[in-house]
Amino acid sequence: MWKYTAKRIVEMIPILIVISILTFLFIHLIPGDPARLVAGKDATLEDVENVRHELGLDKPILKQYVDYMKNLLTGELGTSLTTGLPVIDMFKTRFMPSLHLTFLSMFWATLIGLMIGVFSAINKNKWPDYFGMVTAVSGISIPGFWLGLLLIQLFSVQLGLFPTGGLDGFSSYILPSLTLGAGIMSMIARFTRSSMLETLQADFIRTGRAKGLKEHSVIVTHALRNSLISVVTVAGLQFGFLLGGSVVVETVFSFPGMGRLLIDSIAFRDYPVIQSALLLFAFEFIVVNLIVDVLYTVLNPKIQLDS
Amino acid sequence: MNYVKKLVFVILCTLLLAACAEKDNSNASNTGEKSTTESDTASSKNELVIAVNENFISMDPHNTGDTNSSSVQETMLEGLLGFDADGQIMKVLADDYSISEDALEYTFKLQEGVTFHDGEQFNAEAVKANIERIMNDESLRLYSRGFSLISKVEILGDYEIKVTLKEPYGPMITRFGVAKMISPKMIKENLADIPKQPVGTGPYKFVEWVQGDHLTIENFDGYWGGGDRVSKITYKPVPENGSRVAMLKAGDAQVIYPVPAQNIDELSNNKDVEINKVPSTIAHYVSLNTYKKPLDDIKVRQAFNYAVDKEAYLKVVNAGLGLPLDSIIPSKTVYYKQQKMYEHNIEKAKELLTEAGYPNGFDIEIWGNTNSDTMKGMQFIQQQLSQIGVKVEIKSMEEGTLSDEIYGAQTPDDAKLQMWYVSWSAYASDITNATKPLFHSVSFPPNGANTAYYQNPEADQLMDEANSISDVDRQAELYEKLQEIVYQDTPWIFLGVDEVVYGVRSNVSGVLVNPTGGLDVKNAKVE
């Protein structure tokens, strides 16, 4: 497993280089002149040219890319075109809240999703199953921004239990994480249910029951564990998307995360921020996928990653 | 049922954890029902939370282009001059000032006994350091807005300074209002921190800025102007309209700006909240490309103005807020003179089109950004012009793409633009910026925002002369003439002027919004 992990980490380098080239090209190809946007709409051509020179945007694209990569290797992500602040400083305040939000969302989603899935499977076609699946379908059908506003209205404005938005202690994470996790919770619930139903039909479960194993042990130790592989796959993929895909939730809850930073930066064509944020998301996605692959062997040692 | 019990247990644990986290939290700004209890706590602490719709971009006053950042800076930093509630120039750190007749020399007498938040003295040396920073650093926004025209800065005494320009520049007086003073020590030793944590002479001093989350300032005890005000203000960028409104209702914010048009009625009925409206300098118009057919014909352009019902525009597109645009500049702009409006008259519009040789109308494009209000505005224009047989095709483009399409044209011949649905805002005290970039022939894209490619030598001459003198009576005369000429030439469909709307909790007083949309909380109080 260690050899496999090391190999995958080395493989990440060329992937990240290709991603950096592609993102660099894409953001320079999309229409919109950052110099004009930074200078403002009342700027004269001379002002715009001054800004372009100051930002180094008048250099050839290849030179700009090489400079960017050189800086990247020394841990320097450049300076934001709009705020004039180092990109790394902007990430410092945004990255951890986003990461915590993602983890908490995944925590809820996995915990509640697994419970609903297992509970539905062992009560197949009974009212708890119907209830669980209605909850799951609702979670995936309700748009995030609407669910967010609904939760704010109910829990913040009416009941006063949680803040309406912003980041101010642990309580600020509850409503955004529930909103963000709702869709994944539903997917995990549905995958767990179908996977559990399949596993519960398997011969080894019948054998276990025939040998007199307790029902609790059959469900948790044998059936659930064997059902987890497909659930981990779904959860892993979704986790990757969550890291960069929380824009709507971050906007509704005025949450100072990476998603909002990226959207704001795209509006201003803030190249250094967009480029570094995209690269960071790609990196996170690859790392999460690696963790998922490694988790497979933990769940089922028969899976040989090295081969 | 074992699982149900566990599930309930976990949820209860989390709620408990959340409750504990809230109790530990000393910052009273952020909790609900609060609507009475918590906001009362904030009140008793004499603190304000202000939710605005956009992020702050920079705290460097010499490099700021957005109103939101400027509003926050106003609380911490002061300029030689500033702006009153109507957006007109007033003295702040300057005790007095004079402008030479040729509009080249500006002499300022400075307030004495003023100190910066870091203990530095405010004097002529400090002013010189600030002005020289702007005039020497090309990357600063203010550099290209007048300060690059400064030829010398002379200290006439400890508290007197003279600034000389290379050539006259009308808006220079407004620029002195925008150029806030930073501690000379900071300029000398800590330039990199200016955009992050500026040090000025204002009634509030900087405490903390967590990008994208909040910016906090607190009362500066040694403020030279004295006065009674709240002890701490926290600004929060909340772009989502619904969330901002929820914050005001729950008491999580004591001030929100702007108030979304669709929530005005609901909030007006809430006894805990007050809603205020202020006429702005934000003008909405459709720029008509006067250089190319069919809009090169004044009759066509006038027909468009007669065809569009301005009152209906405000009701349909602006939720009933705002005033019709009855000159080339909004009424809050200095030297404004009301013009005789093009009344809504479909028959007259049709007659004019027929006279211009288009009895059956024609096809035309209107461009605008992807903002939903812009879309609504463009659809309104489309519907209005369809009544005179003109078929309007809407092309909405993302802001960056739109900017490229418009400013990418190097000559008027290259321009593909026909009509552009857009708005413009200038300082109320700066009529040059409200006219020259829009109507002067030197301002054709890409060199300016004269996207109507409007060219009238008489108008050019009026703007040039007004810009080269300091005699305000003569300037008023010239600008009044300019408004008449350009309004008659109709390079735009003149639509409306925004009213800005802000909401405050009932126990808060002293909050103002000036016509440029700047939020002024320097004298805010909580009862």
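The values are calculated or read from the model by the stated rules, or taken from the named source; none is laboratory data. Please read all numbers here as calculations on a predicted model, not as lab measurements. Methodologically, a virtual Cβ is constructed for each residue, glycine included, from the backbone with ideal geometry; neighbour enumeration extends over all protein chains shown. These area figures cover heavy atoms from the full protein model, side chains too; ligands, DNA and RNA do not enter into them. Shrake-Rupley method; radii C 1.70, N 1.55, O 1.52, S 1.80 Å.
Checked against the criterion of being open to solvent by less than 70 Å² (accessible area, probe 1.4 Å), within 21 Å of the chain's Cα centre (by Cα) and facing chain B (nearest Cβ under 10 Å), the candidates A:Thr93, A:Thr110, A:Thr102 yield just one match: A:Thr93. The test for being in contact with a Lys or Arg (Cβ under 7 Å, 6 or more places away or on another chain), open to solvent by 40 Å² or more (accessible area, probe 1.4 Å), away from chain A (no Cβ under 14 Å) and touching a residue at least 60 places away in the same chain (Cβ under 8 Å) does not hold for B:Asp272.
Does the stretch B:396-413 hold any residues that are of a type in the set (S, T, N, Q) and touching a Pro at 6+ places or on another chain (Cβ under 6 Å), and which are they? Residue satisfying the conditions is B:Thr401 alone. All of (1) small (Gly, Ala, Ser); (2) over 31 Å from the mean Cα position of the chain (by Cα); (3) loosely packed, with under 14 Cβ neighbours inside 10 Å hold for A:Gly75 with one exception: (2). For first residues located in the stretch A:49-61 and over 16 Å from A:Asp270 (Cα atoms), partners that are in a loop (DSSP other than H, G, I, E, B) and open to solvent by 60 Å² or more (accessible area, probe 1.4 Å) and lie 6+ apart or on another chain with Cβ distances below 9 Å form the pairs A:Glu49/A:Asp58; A:Asn50/B:Glu138.
Only residues that are farther than 22 Å from A:Leu25 by Cβ and within 9 Å of another protein chain (Cβ to nearest Cβ) were counted across the stretch A:42-85, and they come to 14. The residue that is surrounded by the fewest Cβ atoms within 10 Å (Cβ to Cβ), counting only those in the stretch B:424-454 that are more than 10 Å from every other protein chain (Cβ to nearest Cβ) and in a helix (DSSP H, G or I), is B:Ser441. Picking from residues in the stretch A:229-251 that are touching a Leu at 6+ places or on another chain (Cβ under 6 Å) and surrounded by 23 or more Cβ atoms within 10 Å (Cβ to Cβ), the one that is nearest to the other protein chains (Cβ to nearest Cβ) is A:Val249. One residue stands out among those in the stretch A:29-41 that are crowded, with 16+ Cβ neighbours inside 10 Å and under 32 Å from the mean Cα position of the chain (by Cα): the one that is farthest from the other protein chains (Cβ to nearest Cβ), which is A:Ala35.
Results for (1) of a type in the set (Ser, Thr, Tyr); (2) open to solvent by less than 10 Å² (accessible area, probe 1.4 Å), shown as yes or no for each residue.
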site: B:Asn289; (1), (2): no, yes
site: B:Ala303; (1), (2): no, yes
site: B:Tyr306; (1), (2): yes, no
site: B:Asp309; (1), (2): no, no
site: B:Pro324; (1), (2): no, no
site: B:Ile328; (1), (2): no, yes
site: B:Tyr335; (1), (2): yes, no
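Here B:Tyr285 qualifies as under 19 Å from B:Thr435 (Cα atoms) and aromatic (Phe, Trp, Tyr).
Restricting A:Ser195, A:Ser276 to those that are buried (at least 21 other Cβ atoms within 10 Å of the Cβ), among the small types (Gly, Ala, Ser) and over 30 Å from B:Tyr235 (Cα atoms) reduces the list to A:Ser195. Within the stretch B:176-222, the residues that satisfy the criterion of being of a type in the set (A, V, I, L, M) and either within 23 Å of the chain's Cα centre (by Cα) or in a strand (DSSP E or B) (or both) are B:Val178, B:Ala179, B:Met181, B:Ile182, B:Ile194, B:Val207, B:Val210, B:Leu215, B:Ile217.
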